[in-house]
Amino acid sequence: MKRSRAWSGALAAFAAAGTTAGASHAGTEDSYGLGPTDMALGGSVAARPGTAAATYWNPAGLSPGGETPPDPEGFGELSLAFVHAHPLVWASRADGSAVPLAVEPPDTRQVVLGSRFDLLGRWGVPGLHVGLVFEVPATDIFRWSIHPDEAVQWLFLSDRSQHVGIHVAAGYRIVPWLSLGLGLTTLFDVETNTTGTVTKVTSVVDPETGASSLDVQALLGEEVRVFGRFAPNAGVLVTPVEELRIGATYRARTYVDDWGSTRIQGAPVAGDLGYVHHYAHYFRPHELTLAVAARPHPSVWLSADVTYARWSEGLTTSHAALGPGRFGDTFSPAVGVSWRPAAALELMAGYEYAPSPFDNFGGPTNLLDASSHVASFGGRVDLPPAYDTRAWVGWAFRTTFYEARAEEKDPRRFASDLAVLTNPGYPGYRYGGAVPAASLEVGVQW
Amino acid sequence: MVSHTRSASLAATLALAGALGACGPSADRYELLRPDAGPPDPSVLDKDAGAVNVIEDDPLEDWDMTDAGPLSGVFALEVEAHANVIIDLDWRQLYRVRILQHGHTLRVKTQLCRIGLPSVEGIAELTIPLALEMLLRAKPLEVEGDFLSDAAAVGATFDHPPFLNVVGAALDDPSADPLPTKDSPSTAVDEDDDGHTGVTLAASTLTCNTPQELYVALRGGMTLAGTVQDLDTLVGAADPRLDQSILGYSDPCLDAAVSIPVTILGDNTFTARRTSAALDVNDNGNVTCGEIVVAAPKLFGAFWGPAK
């Protein structure tokens, strides 16, 4: 009877995931995962504990329940993963010519250092586990590309393609069937104030065109301050029977707030000039994930997640909320399957449907995004134990296939005909493509 | 118990599916700014004469060409001048000049075709809207006199008396009366018929986020003194005059820019080149201002755009 009820719930969740549509498109964590396991399973991991990535996906999974907890008391674990994604996207006019992009989507190269450990098990307080994940770009420490929202650019493949993030969480197994978790995601806000004085202005005339330009020398001073921005996440993991896990996670809204001012004195024509800037990088909305994982066979786990993302509060890189309509809340379903054909080998596959949270709808913005189908697979090999340690190697491949989307400018959404005709996207364009990604990880537990 | 559980699962599934279908971006919630707007009118792009050109169908002036001298013909004339607008800048003017020579006597009709106003890209750019450019073209000046030192023309000196144009104002004495001002606009005229006193210049400056308009009265003129290099080329010195009065502007962001004085500097030159039938784009037997604008890059260089 108990088993029948569990399977009924699992099937209901699978049915919901298969018949609904939604989206999750936040930072690199949501897009590519924090290692090969969550990448291979299509992000369907909120009810799948056992990796440091649970720090982000469901902190309760740091200390999973069950009659036989999978991790030994007093354990410690370290993992190092590399994530690489290479966008292969296009945007073209009706005549087939390419639409010039304000910024070409760069590759994503992230290094993810993960750890989880039993905090107090050695002192007789079992079940309190801590997870730490530090993700950092393998190339630039941060890379921001800021263009007006009217410039044609990929919404989630330019400014958000890689960033620094620190995730810390603790999971506690209260009773064998119930674990709770709390965590924090840390990003870094930046305040930049620039002041300057023009010291010399020379007019330069192009000998060929006769056009005039200015060669301006100025003394500049810059003050930069960095602040931590903390966003909480919380999760619960229920393990009513060994073959079933039900998870729920909430992740709070966050982004990198980038603001400041510039003031230049003695500028030609204008005298003193100044402006205030305010940008939003890596915006992630409030997210709520419900998930279920079931083991229909001793070597097989199935899982289904659905994530609600409150994208209606979304901000563009220009810190514009845009008003109702263009950003919309989404639900994103994901499913995953893992199979252990041998004790030391686990194979995984996943699928996610990510409806786009954004549409220009013919308006002045030209931020490119489209609903996508995400297919992934991967595996993990446990190496022979040595020196009381357990080491593994994991890998994953994932490809995001964007549905081709058309954008046609609608004069009714512009303040004037001139604004329509001079919009970089006028009269319209089509776009789509794919983003293949891969991840490799090595880890050790002791 | 089993039945109850199945019903609850089904209800949850259906509720979730219904909720999901109602989500995502919504065109209906995205407010229309101009619900009645139709396809955009491409002519709005024609406001900036720098981007467009009108080739007139005007016939060649019906002048008596009997015994006309070798210098007679239609010339394209470029004035390269220098001005100071806080810093030194180049500005240029393009004219159509029709010459009829009889010995030392020249009959000269001068028509201003285009003005490249002093501008610094990205800092302050002034452009002449198409309406004003057509107004300037419609105000040719015609003079006749012994302007040539030698009837053989080649090697002769060429002295063109001062010529003057006033736009945006109706003055009894165009050369001497003061231009109207914002505080004393009685002589100002909405000569380009756009609803704003004076004539309208398009202005883009660092201090303004969007293109703006300046409403001005202008008095521009030129004195030319040069030599006939050969029968197709005249070169020499130009003495330009430019008076301006700001009558208003579309946005206070231009406040700082309009207070900056414009001073004409010395060492200004002109070059006139004879036009050929090949420049007569519409093949009507006359090379008009519009056709000179088309040919300007080829005749005078890249200041006027890429050569076609």
Which Cys in chain B stand alone, with every other cysteine's Cβ at 4.7 Å or more from theirs?
B:CYS23
Partner shielding of B:36-44, as the mean number of partner chain Cβ atoms within 10 Å, equals 5
Of A:LEU367, A:LEU219, A:LEU421, the most mobile residue in a GNM of chain A (C-alpha springs, cutoff 10 Å) is A:LEU219
What relative contact order, as a whole-number percentage, does chain B give when Cα pairs under 8 Å and 6 or more residues apart are counted?
19 percent
Which whole-number percent is the relative contact order of the stretch A:251-304 (Cα, under 8 Å, 6+ apart)?
35 percent
Take the Cα of B:THR210, step 7 Å along the line toward its Cβ, and report every residue of the stretch A:404-432 whose backbone nitrogen sits under 18 Å from that point.
A:410-426
With n ≥ 4 as the cut-off for DSSP H runs, can you work out [θ] at 222 nm for chain A, using -39500 (n - 2.57) per run divided by the number of residues, rounded to the nearest 500?
-2000 deg cm²/dmol
Going by C-beta contacts inside 10 Å, put A:GLU408, B:GLU125, A:GLU29, A:GLU346 in order with the fewest on the left.
A:GLU408, B:GLU125, A:GLU346, A:GLU29
Listed with the fewest Cβ neighbours within 10 Å leading, B:MET134, A:MET39, A:MET348 appear as B:MET134, A:MET348, A:MET39
What average count of beta carbons from other chains do you get within 10 Å of the Cβ of residues in A:324-336?
4
By the scheme Lys and Arg +1, Asp and Glu -1, what is the net charge of all other residues having a beta-carbon under 14 Å from that of A:HIS286?
0
What order do you get for B:260-270, B:182-192 when each peptide is scored by the mean count of other beta carbon atoms within 10 Å, highest first?
B:182-192, B:260-270
Please average, across the residues of A:409-422, the number of beta carbons from any other chain that are within 10 Å of each residue's own beta carbon, and give a whole number.
6
Arrange the following residues from fewest to most other Cβ atoms within 10 Å of their Cβ: A:GLU77, B:GLU133.
A:GLU77, B:GLU133
For B:ASP67 and B:LEU265, what does the FRET efficiency come to when R0 = 45 Å and r is the distance between their Cβ atoms, rounded to the nearest 0.05?
0.60
Where does the charge balance sit around B:ALA169 when Lys and Arg score +1, Asp and Glu -1, over other residues with C-beta under 14 Å from its C-beta?
-4
Cα axis of helix A:2-19 to longest principal axis of chain A: angle in degrees, 0 to 90, nearest 10?
20 degrees
Tell me the net charge near B:ALA225. Cut-off is 9 Å between Cβ atoms, B:ALA225 excluded, with +1 for each Lys or Arg and -1 for each Asp or Glu.
-2
Among A:PRO70, A:PRO357, A:PRO87, determine the one that fluctuates most according to a GNM of chain A built with springs between C-alpha atoms less than 10 Å apart.
A:PRO70
Do the sum for chain B: with -39,500 (n - 2.57) for every DSSP H run of n ≥ 4, divided by all residues, what is the mean residue ellipticity at 222 nm, to the nearest 500 deg cm²/dmol?
-4500 deg cm²/dmol
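Computed from the coordinates by the stated procedures, all read-outs in this text should not be read as laboratory data. Model, not experiment: these values are computed from the prediction. No Cβ is skipped: glycine too gets one built from the backbone with ideal geometry, and neighbour counts run over all protein chains shown.
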